[in-house]
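A quick write-up on the structure given underneath.
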Amino acid sequence: IIMSTPEGAGSGMKALEEMLDKKAAAGDGGEEKAESEAGGDAGGDKGEAGAEKAGKPKLTKAERREIQEKQRAAKAAAKGEAPPAPAAKKAAADQPASGGSEKAKEKGEDKAKDSKGSAGLKLQYDDPKAMAKAKRNQTVHRTEVQKKVPWFAHLPQYEREASLSSQLSERAENDIHPEVLKLGLKLADWLIVGGNNRTVAMLQAFSKVVMDYAPPKDHETGADMSRHLDTRLKPMISYLVACRPLSIGMGNAIRWLKGKIAHLPPNQSIQEAKDYICDQIEAYITEKVVFADRIISKHGASKINTGDVILVYARSSSVEATILRAHRDGTKFRVIVVDSRPKLEGKKLLDKLSAAGVSCTYIMINALSYVMKEVSKVLLGASALLSNGHVISRVGTAAVAMMAKQFNIPVLICCETYKFSEKVMLDSICTNELGDPDELLSPALENWRDVKDMKLLNLCYDLTPAESITLVITELGHLPPTSVPVVIREYRKEVTL
């Protein structure tokens, strides 16, 4: 406190001394009150500290609690009040209610987790708790690979085994349609490959499931069928996932099918609803796959000029249709087919193009840099196109696209719009598919399982950045890779992506 005159300074000092005296008195009273209130709780600790100083044995927690309760009871008796209930009895009395609430809370958390899992969150295969819970609900149980690469341990990888079909024959529940069983075995053995082929085969199998659907006795309308049929499809989808992870295009098709089933007209009969769904599946295959490939081939063929040298990688149905369309139109060009182990899919494309009379050259991917100086355009297929413009495709596609960018060669991606996804990926580690490691074997690696620190990694897909892509050819026309969100937004009402 600052005063401007000596008289003011004297009076100010007196006021300051009085204020400090009041605060000190209040502080002493508060401390005494706090000590009296905390005396019961602190009595045990003080007693224990005194016992330790005196060399007495250390009290247990139960003994300290008993001393505190006696002190509280003595204080209550001195004041003439009823003694407080012991803490142990109070806790025991509250335990059923709290235990029930905790159980309900845990149950709610489990339900929340289940709902999140059903919404499509990716299962982490390196999480023991999540895997133990998932295995209890699995349709079939497969043998996991023992020697996993740590960076990819979160992805599913199974041994090639013949026990998958034997498990199905031993199943007591008959909840999987024979067509779906057959499809799953073919997918597990890679007898059906390619995004379009797998999607079409899956939808055709589900169409037969719908045609053979037998409703319960009390179900008579489409509304009843929509509720029951969705539950029938769940174990079949889980079975297909166990056989081989679904592609993004297959996942989009399943969501579309579930949307059609959920919005069946309620006044339709069961047979009319079945016919309606089967017609919708056939229309989806025709429009999104068959007609889309024809339009893509037409747009792609217009980009191929006389004298061009077209480089392709592996095998893509849309790229194959584009090259054959350009050849039928009379354009003179040459094709370089780049291939890689272990699938060697380019051999089938080479046979198809050579049979049609297209001039072809076949090389392995390690010779890519030697032939790139001759190339005028690069045509590549896609398994999916993400919302950030990146492309998921057969492993090796990113190397081809980035090599073409170094040589300033345009890279054209042929992709149907049903493969567009709202997902965003920055690498091919978080989400991928692992193939059979034995496919990579050579005579020098026959005994690789006996070598302690040796692990084989057979990746199926990689991620091509949008910066390496010049143009995306779809049934909607030529688009830059950054236009994927626009297509998803404009066509969301037509197809749930």
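The values are calculated or read from the model by the stated rules, or taken from the named source; none is laboratory data. These figures come from a predicted structure and were not determined experimentally. Neighbour counts run over all protein chains shown; Cβ positions are idealised from the backbone, glycine included. All accessible areas refer to the heavy atoms of the entire protein, side chains included, with ligands and DNA or RNA removed. Shrake-Rupley method; radii C 1.70, N 1.55, O 1.52, S 1.80 Å.
Between Ala214 and Asp230, the simple label model (points 7 Å from Cα in the Cβ direction) yields a spacing of 2.5 nm.
Between Glu490 and Tyr362, residue separation times 0.36 nm minus the direct Cα-Cα distance comes to 42.0 nm.
Within the shell defined by Cβ-Cβ distances under 13 Å, the residues around Thr322 carry a net charge of +2, with Lys and Arg each +1 and Asp and Glu each -1. Stretching the chain fully between Lys70 and Asn197 yields a gain of 37.7 nm (0.36 nm per residue, less the alpha carbon separation). Once the C-beta distance of Leu426 and Glu287 is scaled by a Förster radius of 51 Å, the resulting FRET efficiency is 0.95 to the nearest 0.05. For Ser226, the shell of other residues with beta-carbons less than 12 Å away shows a net charge of +3, using +1 for Lys and Arg and -1 for Asp and Glu. Taken about its Cα centre, the range 175-266 carries a charge dipole of about 300 debye when Lys and Arg each add +1 at the Cβ and Asp and Glu each add -1 at the Cβ. Accessible-area rank, largest first, for Phe420, Phe407: Phe407, Phe420, with all protein chains present and a 1.4 angstrom probe. For each pair in Lys148/Lys452; Lys258/Lys423; Lys288/Lys348; Lys148/Lys419; Lys147/Lys348; Lys234/Lys258, compute the distance between the two Cα atoms and list the pairs where it is over 22 Å. Listed pairs above 22 Å: Lys288/Lys348; Lys148/Lys419; Lys147/Lys348. Computed with a 1.4 Å probe over protein heavy atoms only, the accessible surface of the range 379-444 comes to 36 Å² per residue.
For the residue pairs Lys377/Lys455; Lys298/Lys332; Lys298/Lys347; Lys208/Lys260, the C-alpha atoms sit more than 27 angstrom apart in Lys377/Lys455. For Tyr362, Tyr370, the ranking by accessible surface with the largest value first comes to Tyr370, Tyr362, using a 1.4 Å probe.
Across the accessible surface of the range 197-352, with the other protein chains kept in place and a 1.4 Å probe, carbon and sulfur atoms take up 50 percent. Taking R0 as 35 Å, what FRET efficiency do you get between Glu144 and Met402 from their Cβ-Cβ distance, rounded to the nearest 0.05? E between Glu144 and Met402, to the nearest 0.05, is 0.55. Straightening the chain between Leu441 and Trp190 buys 88.6 nm, computed as 0.36 nm per residue apart minus the Cα-Cα spacing.
Treat every Asp and Glu Cβ in the range 393-448 as -1 and every Lys and Arg Cβ as +1, leave all other atoms uncharged, and give the resulting dipole magnitude about the Cα centre to the nearest 20 debye. About 420 debye.
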